[in-house]
Structure formats: structure tokens, C-alpha cells
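The values are calculated or read from the model by the stated rules, or taken from the named source; none is laboratory data. Fair warning: this is a prediction, and the values are worked out from it, not measured in the lab. Every residue, glycine as well, gets a Cβ built from its backbone with ideal geometry; the counts of neighbours run over all protein chains shown. Surface accessibility is based on the protein's heavy atoms, side chains included, excluding ligands, DNA and RNA. Shrake-Rupley method; radii C 1.70, N 1.55, O 1.52, S 1.80 Å.
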Amino acid sequence: MNNTEFDAIVVGSGPGGATVARELSKRGKRLLILERGGNAPLKGSLLATASIVDAVSVGDNVLMGRTLTTGGTTSVYFGATVPPPLETFLALGIDLSRELDDVERELPLAVLPDELLRPHSIRLRESATALGYDWVQSKMLVDQSKCASGYTPEARWTARNYVQEAVEKGATLINRARVLKVLVEKGRAIGVEYELQKTKKESEIRQAFGTKVIVAAGGAASPIILRKSGIRNVADRGFYCHPSVMVFGTISGLKRGDGFGASMGTLIDGDIHVGDGNFARTLYQLFMLANHRWFRAFLHSKTIGVGVMVREGLGGGLQENDRYYKELTKEDFRKLEKGEEVARQIIRHAGGKNIFKSVVGASHLGGAIRIKEHLDENLETECSNLHVCDGSVLPENVNTPTLTLICLGKYLAKRLSRSL
Ligand SMILES: Cc1cc2nc3c(=O)[nH]c(=O)nc-3n(C[C@H](O)[C@H](O)[C@H](O)COP(=O)(O)OP(=O)(O)OC[C@H]3O[C@@H](n4cnc5c(N)ncnc54)[C@H](O)[C@@H]3O)c2cc1C
């Protein structure tokens, strides 16, 4: 491969990377997508899901889940959305309003009717509403035209859809390609170095060259790639991870039927989010097994769940050994406890019994790369032609980040295509 092979190299194919790749391919640009994970069909079985899910440690026994496969973590996400915080981005010099209009026109984005929701989610909504909580139902990225005969998980939009569109328009996708660093010459990105996993035991170091490099390897991986590429001060103010707990109870009398879950909730005191935690069966089972609740893993239809997530400030850091570490504060724990209390109340009122909570986890990692500090309004680093577009650049007040990342990907692609 030589310098003129690609207009752009996209590292990672989650919603950030997939959107940039799709938009640039649609504009006729020559694209290379390097994806660390494989490209096996998303079967949804326990083994298949376990093989793509990975956990990143962010503190003492605090893990964050991500997915290593084409489409990134949207391969297992719920499909819920919240509108991007337009004001926050405007203050950073980025106007996402046009991109949001485009996404609303292009993607199936709507509040789902009750027929497509899990009966458990409906019971939870009744309980929360009766207790006086403002239980808001968010729009989901679900193509309801595929649900004529009822719930089907394939109706959920994932970033894989955009990768497929990019490939149809001529983009090259290489799977099992883990980018190690960006190649920089005279302060300018010229390509990447990556490890291609050829077989289980055999790998090979390769290089690829392109005019622009867009790092979109997710909140955990991108800061590491940037640091290895010589970008200064990465994670110098630490990171946020939005700590969370899940609270579950057993419940009887609900229909076994499956449906979309995890699309409703309420905000308490401005930064404690309490919401529907009724996952699809496979994810539920994985979660229970990870929490050593072997018996509960078989009680999916008899379990009702509420998730609690709190927004915390920046802190901790990215250590020399590429591990993230942060100690949660007393205030973070107090907020988690307050959310847990509300979750228990809603579950009890819904008829739930044998209530228990999971260990503390992390919802998503971000804040290690900051717009206006590490990136300009073109999402470009101090090294020219090197851009970042994924969860690592999102400000603290973004949760449920997928819609924001799709808008950000469209925004970046528009800017890049002007100079390509
Ligand atoms: C269980 C669960 C449910 C969720 N539900 C929702 C929801 O309902 N709504 C919502 O908005 N968000 C949800 N999220 C969060 C959402 O999925 C993520 O925030 C989003 O996918 C982040 O996008 P990203 O592009 O930053 O990273 P990712 O989606 O993680 O994509 C990064 C990609 O880069 C690849 N990669 C990593 N390292 C390298 C490397 N060195 N070289 C090449 N490729 C690499 C990875 O394999 C991956 O494909 C959920 C998350 C989880 C775990």
C-alpha cells in the first residue's frame, strides 16, 4: 500500500467510525476501515455474544463492557436514544443541529408502541408512574416495519448497517486488525501500523497509508492509540466512567414474550439516572453469570430490573501500562445508593421480591480526549490529518451516546470531504 491508496483510514467501526466511513464512501472517497474484532453474524446466542464482549477495568473491581466486532458496542446495545446536547456542543464550536435533522430523516427513530415492549418494562412504567416519577420513554433506533409479526431483535439499527453501506460503496473492511499507533511524519498523520490476526496463533504487523486518519476505536482504546502516536497530555484531567448498578427482583404473573427494553427512565437530582433495566435474554444471562448469580441466569422471564447510573466528574488517569484507574468518591457512592433506593421502591411496588443489586460497574468511558483541549472544532489533534470521533471525545453530560456519535460522525465527514 502506498501513500495514495486511501483518502481516509477509519480505525474502529462503532457508531462514530461507521458513520464517518459511510458518509465518506457515499461521497466517493476511498476508505479503509480497520476493525479489531471479527465479522461473524450477530447470532445472539450466549456463546456468540460472550465471544465478542470484552471488559475494561476502570478501577478497583469496576468493569466497563464493550464489544469487539464490526459495529462495535451497538452490536449488543439496547437501541435507546437521547437527543445530543446541542448547547454543550455549540459552546465547543460545533453545531450538530443539521446533522440531527438528517439523522431524524434517515434513521427509524421513534417511541415504540407497547406491543413491542417487554411486559416487564410496561409493569415497571406503571409502578414508577404510580409512585409519581416522571418515567420518560425515549425514542428507539428500531425499524418498526420489520416488526409486522411482533418483536424481532434484527429490527434494531446497529453501526454494522452503516459499515455494510460503506462496503457496498467501495470501502475496504479489514477485520481482526488491531491498530497499534498512527504513523506521523513532520507533524502530519500519514497512516497507521496495525497487527493483523491471521490465525489464533499467528499475527503480522502491517502498515496502511492514507491522507486522513480517523481514530474511532471507542472510549477506552482511542486515548491509548493517541498516546502511543505521540499526542501529548492525553487523559491529563482523567476520565469519567458513569458508575452504575443494576437492581433486580423476581416477579410472577408476567407473559414470557420478549420485546424491546431499557428505553425508559427518570432523572433524579440532575445526575442520577434510574431506568428500565430489562435486557434481552442473552445479555441478561451474561450479566447474571458475570455477577455469579448462576441460578438467576435461568429466571429471565421472572426477573424485573432497574438500572442506576450516575454522572461523575473527571478523575483518575491512564497509567503507563495502558490501564485506566479511578477511585470513586463518597459522593459518587452516595448518589448510587440514592438511585438504588428508588430502584428498590419501584421494583417492590411493581410486585418484585427477593431484590438484590449487582456489583458497581461503569457505563461508558469518556473525557480522556477533550474538544478545545486535545482537538479543535474539526475534531483534529495537534497532529494534522489525525482526527478522533468516538465516545472518548464526548463531554461528561452525554449518556446514551449513540445518537450523538452518529451526528458527530456526519459532522466530521462533511468537514473532511471538503479537503479530500
Ligand atoms: C449493554 C450495553 C447497552 C447499551 N445500550 C445503549 C443504548 O441503548 N443507547 C446508546 O446510545 N448507547 C448504549 N450503549 C453504549 C453504546 O453502545 C456505546 O456508547 C457506543 O457504541 C460507543 O461507540 P464508540 O464508537 O465510541 O465505540 P464502540 O462502539 O465500542 O466501537 C469501537 C470499535 O473499535 C474497535 N477497536 C477497538 N480497539 C481497536 C484498535 N486498536 N484497532 C481497531 N479497532 C479497534 C472495537 O472492536 C469496536 O468495534 C450501551 C452499551 C452497552 C455495553
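Values computed for the structure shown
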read-out	value
Residue satisfying all of: in the stretch 372-393; part of a strand (DSSP E or B) and open to solvent by less than 10 Å² (accessible area, probe 1.4 Å); nearest to the ligand (Cβ to nearest atom) among these	Val388
Cβ pairs under 7 Å, 6+ apart, first in the stretch 165-187 and among the basic types (Lys, Arg), second more than 9 Å from the ligand (Cβ to nearest atom) and part of a loop (DSSP other than H, G, I, E, B)	Lys181/Ser229
Residues satisfying the stated conditions in the stretch 121-160, i.e. touching a helix residue (DSSP H, G or I) at 6+ places or on another chain (Cβ under 8 Å), assigned to a helix (DSSP H, G or I) and open to solvent by less than 40 Å² (accessible area, probe 1.4 Å)	Ile122, Leu124, Ser127, Ala128, Cys147, Ala155, Ala159, Arg160
Residue within the stretch 344-355 that is open to solvent by less than 20 Å² (accessible area, probe 1.4 Å), polar (S, T, N, Q) and outside any helix (DSSP H, G or I) present	no
Strands (runs of 3 or more DSSP E) wholly inside the stretch 13-67 that include at least 3 residues being more than 11 Å from the ligand (Cβ to nearest atom)	53-59
The stretch 243-273, residues that are closer than 27 Å to Tyr325 by Cα and of a type in the set (S, T, N, Q)	Ser244
Filter result (within 22 Å of Leu141 (Cα to Cα) and either part of a strand (DSSP E or B) or open to solvent by 10 Å² or more (accessible area, probe 1.4 Å) (or both)) within the stretch 231-260	Gly257, Asp258, Phe260
